[in-house]
Amino acid sequence: MMKNVWVFAEKIDAIAELCSGGRSLGEKVSALWLGSKQDAEKLISFGADKVYWLGEIDPARMYEDYTETIAALLQAHQPDLLMIGTTKRCKLIAGRLAAKLGISVLNDVMEFSAQDDGLQTKKRVYGGAAIRTEKTLAKTSIATVGLGVFEKTEPDANRQGEIETVEFRVPGLKIKRREKKAKEGESVNLAAAKRVVVVGRGIAKQEDLKMIEELAGLLGAEIGCTRPIAEGVNWLPRERYIGVSGVMFKPDLYIGIGVSGQIQHMVGCNQARTIVAINKDKAAPIFGQADYGLVGDLYKVVPQLIEKIKASK
């Protein structure tokens with residue numbers, strides 16, 4: 001087990017998951033937080049022993065402007081591992097931090113193992129078709145970790161910790177924001193969902209999604225999709241796409257409807273506790289990973305499921 005693990009992410013839910021993972025890897029967990037002090041205090045309840053508070057978000061500064069501030073902390077304290085969220089801005093900071101420390105970034109890590117001679121990690125490669133094992137011998141390792149790799153623990157209001165306010169270091173080179181636009185899409189945290197109903201190309205028309213929405217509503221589930229639904233026909237927002245370059249999670253229940261089960265999709269959900277597949281093609285790859293499989297036309301199966309669930313309530 002490592003002595004000191006640090007974590008950093010943009011969102012409170014993401015950094016809370018990393019705190020939970022940090023507790024399984026290290027004796028002490030420290031969090032770097034840019035945002036409200038109230039949220040900094042929450043991180044202690046989620047498992048951080050110490051929070052380095054970078055201050056409130058300053059609209060005059062870019063997120064990336066904090067790279068030198070974080071680098072100075074890493075150089076001063078030399079933690080064994082810094083785990084960083086996988087948002088675009090966090091990945092940019094990870095790369096810049098690694099360049100300053102003269103090391104490499106371990107990207108999209110799915111598993112950690114502390115060895116006597118260094119830190120060993122695993123990640124998916126070739127679209128999820130293989131697992132690569134990597135080892136870093138650096139004194140401080142930097143790794144990016146996506147949502148769903150660790151499970152967020154319930155907050156403990158009785159936990160004690162320390163909050164240290166960090167002085168901002170003005171970067172030598174700054175990024176200037178020229179324009180800011182609201183991102184189109186919707187806010188959904190699939191990584192935190194316990195039940196998910198997922199649709200694939202077996203759905204013939206966009207209006208047929210109403211049937212899926214009704215089923216998901218009855219089950220108290222979120223709706224997810226395969227890549228073609230989000231980026232091919234654009235029937236659902238990209239935030240609902242599950243797969244190697246989308247959401248990767250560990251729900252209690254995954255129901256795939258009209259999902260063929262290509263590996264690029266299944267790597268995002270193959271750690272679900274229970275996988276249910278509904279597909280009229282008995283040779284669909286998803287049946288190879290499903291706990292329960294139903295070979296049948298989804299347009300006959302789903303309405304019957306809806307009626308059965310309604311009747312049982």
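At the listed q of 0.24 Å⁻¹, the Debye profile of region 1-110, built from one uniform point per Cα, gives log10 I(q)/I(0) equal to -1.60. Seen from residue 20, the other residues with C-beta closer than 9 Å to its C-beta sum to a net charge of 0, counting Lys and Arg as +1 and Asp and Glu as -1. Solvent-accessible surface of the chain, averaged per residue with a 1.4 angstrom probe and all protein chains in place: 52 square angstrom. Counting only the Cα atoms, region 77-203 fills a convex hull of 229 Å³ per residue.
Between the helical axis of 298-312 and the longest alpha-carbon principal axis of the chain there is an angle of about 80 degrees. Take every DSSP beta bridge whose two residues both sit in region 1-152; close to 40 percent of them are antiparallel.
Helix content alone sets the calculated 222 nm mean residue ellipticity of the chain: runs of n ≥ 4 DSSP H residues at -39500 (n - 2.57) each, divided across all residues, give -7500 deg cm²/dmol. Cα centroid separation, region 82-131 to region 182-253: 27 Å. State the label only: which of (1) 21.1; (2) 23.3; (3) 19.2 corresponds to Kirkwood radius over Cα pairs in Å computed from the shown model? Only one option fits the structure, namely (1).
In whole percent, and with a 1.4 Å probe on the protein chains, what portion of the accessible area of region 157-313 is carbon and sulfur? In region 157-313, the share of accessible area belonging to carbon and sulfur is 47 percent. Between residue 168 and residue 213, the distance separating the two model label sites (each 7 Å from Cα on the Cα→Cβ line) works out to 4.2 nm.
If you line up the long axis of helix 88-101 against the longest principal axis of the chain, both from Cα atoms, how many degrees apart are they, to the nearest 10? Taking Cα atoms only, the helix is inclined about 40 degrees. Pick out, in residue order, every one of the trypsin sites (Lys or Arg not before Pro) in region 114-214 that is DSSP loop and has at most 12 other C-beta atoms within 10 Å; say none if there are none. Loop-located and lightly packed - 139, 174, 176, 177, 178, 180, 181, 183, 205. Taking only protein heavy atoms and a 1.4 Å probe, the accessible area of region 1-127 is 45% carbon and sulfur. Between residue 271 and residue 156, the simple spin-label model (points 7 angstrom out along Cα→Cβ) gives 2.2 nm.
Using a Gaussian network model of the chain in which every pair of alpha carbons under 10 angstrom is joined by a spring, one finds that among 211, 266, 83 the greatest mean-square fluctuation is at 211.
The values are calculated or read from the model by the stated rules, or taken from the named source; none is laboratory data. From a predicted model like this one, the values you see are computed outputs, not experimental measurements. Every residue, glycine as well, gets a Cβ built from its backbone with ideal geometry; the counts of neighbours run over all protein chains shown. In case anyone asks, the SASA skips ligands and DNA or RNA and just uses the protein heavy atoms, side chains included. Shrake-Rupley method; radii C 1.70, N 1.55, O 1.52, S 1.80 Å.
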